[in-house]
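In what follows, a structure is listed as structure tokens, so that the remarks can point back to it.
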Amino acid sequence: MKEPFMVLDNMKELVAGHIFSIQHFCLHDGPGIRSMVFFKGCPLRCTWCQNPESWAPAPELGFKSRLCVNCRTCVSVCPANAMKTPGQIRSDLCQKCFACAEACPSGALIRFGEFLSTQAVLEELQPEYPFYHKSGGGVTFSGGEPTLSLEFSVQLASTLKQDKIHVAMETCGLFHMEEKQGPGSEPRKDVRELLSLIDLVLFDIKLFQESAHQQFCGTTNRIIKNNLAILARNFRQKGSPLIWPRMPLIPGITDTPENLEGWGGMLAELELNKVTLVPFHNLGEAKREWLQFKPGPKLETPTPESMEKARLVLARMGITCYDPGEEDWPQPSKSSPA
Ligand code: SF4
Ligand code: SF4
């Protein structure tokens, strides 16, 4: 049996990426049993985001006030005098050393994000390889936006592919297909290189109308739509990577007939005649509080009736809707251990 990480020895340099979580035994983000690698850093600020800890690219501190026992250990260990009161951090003084989070005995202070080398992530994934091989699963990059950590994503995906692991990537779609380089600058990794290593792209679509996208996601969607069209054309021409659209269903925001019809028309035109509808859950609100962000607006979760209504609108346009984890993925061949 081949040593899974031998390939790393031949690589010129190891790179690292900011990761806020690695989860195993996931069943909703690609075929088979998967591990999810969550990247930090995202160019969007979606009103309904369930992972606001992914927004900033660098590691950050969260404070769960309900867990604090007021022992003041954090105050006493802080080398920068940045914490005068538990959980109240002066950002101008904080050195992001995370000594407070390490010392906190109750888990009230938490660190979101670690700067991990490719090797460290692979060592976490390696014990899961047998599950991927048996189930036709693999690894899914999510976030945050994996294309923002391009060097790292390329190296991780490249090593996983050499180990014969299926690699999926969930993306917000906002990336530049070609890196602009100044004269004399070092050649940089290109999103196309990453895409050539990815088997499945879970492409998030949200608001069709540009002004609505700007309002609810913080940016326009011109590049996103353009990238979706390019990836769909590439798939038609080359058969890879498989593009699978996903839409969060948020009552009154993404589930309106205008929005569904806008996306339905575009998907039909691109011959992407399927979409996973992801019902909104308000899991991000507590995290916003821990990170001391402004609270988001109160949003409703969709009812079974509103989910069905959305399915019918899209079905009329020839688009088949799936629940997360119920997709009929074209099964990758069950690989034997490398
Ligand atoms: S991260 Fe370090 S500098 Fe910042 S508040 Fe905690 S202990 Fe102090
Ligand atoms: S160390 Fe943790 S539990 Fe103790 S005061 Fe600080 S935040 Fe609260």
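The values are calculated or read from the model by the stated rules, or taken from the named source; none is laboratory data. Please read all numbers here as calculations on a predicted model, not as lab measurements. With ideal geometry, Cβ positions are generated from the backbone for all residues, glycine too; neighbour counts draw on all protein chains shown.
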Is it true that some residue in segment 260-271 is modelled with pLDDT of 95 or more, of a type outside the set (Asp, Glu), within 20 Å of Cys46 (Cβ to Cβ) and surrounded by fewer than 18 Cβ atoms within 10 Å (Cβ to Cβ)?
-> yes
Among (1) away from ligand 2 (no atom under 16 Å from the Cβ); (2) without any contact (Cβ under 8 Å) to a residue 12 or more places away in the chain, which single condition is Gln88 missing?
-> (1)
Please identify the pairs in which a residue from segment 96-111 that is near ligand 1 (Cβ under 8 Å from one of its atoms) has its Cβ atom under 8 Å from the Cβ atom of a residue that is among the aromatic types (Phe, Trp, Tyr), counting only partners at least 6 apart or on another chain.
-> Leu109/Phe63
Which one of the conditions (1) within 15 Å of ligand 1 (Cβ to nearest atom); (2) under 28 Å from the mean Cα position of the chain (by Cα) does Gly41 fail to meet, given that it meets all the rest?
-> (1)
Within segment 68-85, work out how many residues are more than 7 Å from ligand 2 (Cβ to nearest atom) and in a helix (DSSP H, G or I).
-> 2
Does Leu207 fit the bill of being out of contact with any Leu (no Cβ under 9 Å at 6 or more places or on another chain), crowded, with 17+ Cβ neighbours inside 10 Å, modelled with pLDDT of 95 or more and assigned to a loop (DSSP other than H, G, I, E, B)?
-> yes
Please go through segment 133-167 and pick out each residue that is out of contact with any Pro (no Cβ under 8 Å at 6 or more places or on another chain) and of a type in the set (A, V, I, L, M).
-> Val139, Leu150, Val154, Leu156, Ala157, Leu160, Ile165, Val167
Contacts under 9 angstrom Cβ, first residue in segment 52-68 being within 20 Å of Cys172 (Cβ to Cβ), partner surrounded by fewer than 17 Cβ atoms within 10 Å (Cβ to Cβ) and of a type in the set (Gly, Ala, Ser), 6 or more apart | Pro52/Gly296
In segment 106-179, which strands (runs of 3 or more DSSP E) lie fully inside it and hold 1 or more residues that are within 21 Å of Ser240 (Cβ to Cβ)?
-> 138-142, 166-171
Count, please, the residues in segment 79-91 that happen to be more than 9 Å from ligand 1 (Cβ to nearest atom) and either under 29 Å from the mean Cα position of the chain (by Cα) or surrounded by 11 or more Cβ atoms within 10 Å (Cβ to Cβ) (or both).
-> 4
Quick one: Gly136 ticks every box in (1) at positive phi; (2) within 16 Å of ligand 1 (Cβ to nearest atom) except a single one, so which number is it?
-> (2)
